[in-house]
Amino acid sequence: MPSVALVLWLVSLSIDAPAADPPAAPAVVAAPAALDLADLGLRYGAGVAAGVVVVPLSLALGTWLGTTSSNLVAAALPALLVVLILPPVAMTLGPWWAGNRLEEGSARLRPALWVAAGVHLAVFVAALLLGASSRDLGEAALVVGADALLVPLAVTATMHWTRPPPALNAWHDQRPGQVAVPLWTGVF
């Protein structure tokens, strides 16, 4: 008889209990934002503008630093550091700044910086292997043009492909009754 009592008790609970909510729909993963060519164009343009300004300046500064000492290492090391570090940083910070102005936290800096350094190094090595010189204005203009167009293109694409998902991007877009407590936010 204990089974009959158990059944009656369960039936009484189901009668007294309020109706249960219908099962919730399965969680839907937000699709990435559509490719907005105007936003990407603005980011790319910021990188190109930074490249057109910084690459010739770094080449000129590197050329001048290369003539400051008769010691090969003392003259070459600062010149190479200026030419290899300054342009990728500037051509990454431009699109990153423009992207964060369009949408806060929409662009990750670190992956794009590594890609920019790699593409800039590839352009620089290709120019050296092809015999380009910073003293010849035509060759320097060709290197500046290639660098100012290719590096921001790679940076913009990397920032687009590695952008954070929308759920991590906006803490204020929470559903009613849901509490979000951001304890730490990290952006690459």
> Taking the Cβ-Cβ separation of L153 and T67 as r and a Förster radius of 35 Å, what is the calculated FRET efficiency to the nearest 0.05?
Replying inline: 0.60
>> For W97, what accessible surface area do you get with a 1.4 Å probe? Give it in Å², rounded to 10.
In response: 140 Å²
>> For a Förster distance of 22 Å, can you work out the FRET efficiency between the beta-carbons of I85 and D36, rounded to the nearest 0.05?
In response: 0.10
>> Can you sort T67, T162 by solvent-accessible area, 1.4 Å probe, largest first?
In response: T67, T162
>> Assuming 0.36 nm per residue, please report the length gained on full extension of the stretch V53 to V125 beyond their Cα-Cα distance.
In response: 23.9 nm
> Any idea of L153's accessible area? Nearest 10 Å², probe 1.4 Å.
Replying inline: 100 Å²
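The values are calculated or read from the model by the stated rules, or taken from the named source; none is laboratory data. As the structure is a computational prediction, the values presented were derived from the model and not from experiment. Positions of Cβ are generated from backbone atoms using ideal geometry, with glycine treated the same way; all protein chains shown enter the neighbour counts. Side chains are part of the model used for accessible areas, which takes the heavy atoms of the whole protein and leaves out ligands, DNA and RNA. Shrake-Rupley method; radii C 1.70, N 1.55, O 1.52, S 1.80 Å.
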